[in-house]
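Contents: one structure, followed by commentary.
The values are calculated or read from the model by the stated rules, or taken from the named source; none is laboratory data. On a predicted model such as this, the values are computed, not experimentally measured, just so you know. Accessible surface areas use protein heavy atoms only, side chains included; no ligands, DNA or RNA. Shrake-Rupley method; radii C 1.70, N 1.55, O 1.52, S 1.80 Å.
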Amino acid sequence: MRMFVASPRAEGKFPGIVLYSDIFQLTGPMLRSCARLAGYGFVVAAPEIYHRVEPPGTAISFDDAGRTRGLNDAAKTSVAEFDVDCRAVLDYLARHHKVASGKLGAAGFCIGGHLAFRAALQPDVRATVCFYGTGIHDGKLGKDADAHSLESAHKIKGELQMIFGELDPHVPREGREKIEASLRQAGTRFRMKLYPAEHAFMRDEGVRYDPESTDSAFAEMVQLFRRTLSAP
């Protein structure tokens, strides 16, 4: 599985973060997000989520054909395969010479937000940020009709930050309310924040990009990771 890895220039040990892309894989906006997060003092690993069906190095275009291709690729990958890949990236980070022991986190955008949510189910993940994660509220992920992610929320041991755009048609208000109610019932330590923005508002290409909301949401992520992963 090919990954993009970004780390601080400084010497020392840093928390490790698995950062999941949207359906378009490792595009320019995704690589910039990785480098930006690494600049705050994290080792960031972003896997190619469709490595089983796409050639290495494939970045899918931001157009209708690319959207169809990305969704079709997702439909060819099972939840079990996504979970195996998650464990592989976490194990890679745990062995990385610049990653501090026991300090692992996860984050992701769109489908990657759902994958990050599932990463939070791993016992060694201490903090997770899900940016407009799709399919969490209705269970849809990959080729599986129901990933049962919400039903598994009781397994989350770390803290969780859920970030959505109020204008996102993929996660409507009813879906957000279902997520919030389920997390409360599960006893999950979480925060949910809404921005006056559309789906994919953090992708810095295209008309939906909202730089002010992006900066604020990115700061939320950095603050959570610094607070939870800097402690012993």
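The accessible surface of region 27-148, taken with every protein chain in place and a 1.4 Å probe, is 54 percent carbon and sulfur. Per residue, the chain exposes 44 Å² of accessible surface when a 1.4 Å probe is rolled over the protein heavy atoms with every protein chain present. Among the listed pairs LYS140/LYS178; LYS98/LYS157; LYS140/LYS193, which have their C-alpha atoms separated by more than 19 angstrom in this model? Pairs exceeding the cut-off: LYS98/LYS157; LYS140/LYS193. Need one number for region 120-194: average projected area of the convex hull over its C-alpha atoms, nm². Mean orientational projected area (region 120-194, Cα hull): 4.6 nm².
Every Cα-Cα pair of the chain was included, and the share exceeding 23 Å stands at 42 percent. Using only the C-alpha atoms, the convex hull of region 176-232 corresponds to 91 Å³ per residue.
Principal axis extents of the C-alpha atoms in region 5-127 (largest first, rounded to whole Å): 43, 28, 21.
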